[in-house]
Amino acid sequence: MALVFFSYKSLPVNNAKFDLKKTEEAYHSKTVLVEKLLAPKEKVVVAEVEFKEYAPVVDLNTPQLVAGHKLYTQCISCHGKGGEGKSSQKAPFIGGQFDWYIEKQLVDMKSGARVNAVMNPILKGLSPQDMKDLAAYVSRLPWKKPVEVAEGAEAPAAAQ
Ligand code: HEC
């Protein structure tokens, strides 16, 4: 016969060995354990990236571009100094992209509206102003995708 019970409190207790207090403690500790297991994972803390001096490829003629250049230090490893991207990191080229598009992507990836496991945590520490500054800087990166000439196709006419 299987004895099914939903709460030890419903058991008829007239056994001296049954210690209600201990049972309650054990039950409580299990509950706490389960709560801990179900709790969201610790927040990911992205290490502060030290600003390393690097030659700007953009004319830093406004305070915003100076700020953007500094902030972009933490993006170079994946998107490249010129915003050319890096296939091995699956990081797209972003240099020369419209500033409003860059800013929107950053805002969306920070809010989680656009999900990417790599980018989302990077943006946690950036303010709305930081994202504007980055967008201004990235949009001015002079990088342009080289024109690929398909095999057999005629090469594009040289500029006059
Ligand atoms: C560890 C690598 C890594 C770093 C560092 C990184 N990114 Fe990215 N970034 C990615 C990847 C991967 C994607 C592609 C996201 C996707 O597939 O949705 C991406 C996407 C983007 C996009 C969207 C491009 C588009 O065309 O929609 C922007 C904008 C961007 N990153 C800007 C930045 C900026 C600015 C920084 C620095 C604050 C930065 N990223 C740092 C890897 C990185």
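The values are calculated or read from the model by the stated rules, or taken from the named source; none is laboratory data. All values reported here derive from a predicted model rather than from experimental measurement. Because the Cβ atoms are built from the backbone with ideal geometry, glycine has one as well, and the counts that use them run over all protein chains shown. Ligands, DNA and RNA are stripped out before the accessible areas are found, and what is left, the full protein with its side chains, is counted by its heavy atoms. Shrake-Rupley method; radii C 1.70, N 1.55, O 1.52, S 1.80 Å.
Residue-level check: of (1) outside any helix (DSSP H, G or I); (2) more than 7 Å from the ligand (Cβ to nearest atom); (3) touching a residue at least 40 places away in the same chain (Cβ under 8 Å), Glu148 misses just (3).
Residue by residue through segment 118-145, note down the ones that are open to solvent by 90 Å² or more (accessible area, probe 1.4 Å) and part of a loop (DSSP other than H, G, I, E, B). Result: Lys144, Lys145. Somewhere in segment 114-123, is a residue of a type in the set (A, V, I, L, M) and more than 9 Å from the ligand (Cβ to nearest atom)? No, the conditions are met nowhere in segment 114-123.
Scanning segment 103-117 for residues that are in contact (Cβ under 8 Å) with a residue 24 or more places away in the chain, open to solvent by 40 Å² or more (accessible area, probe 1.4 Å) and hydrophobic (A, V, I, L, M, F, W, C) turns up just one, Val107.
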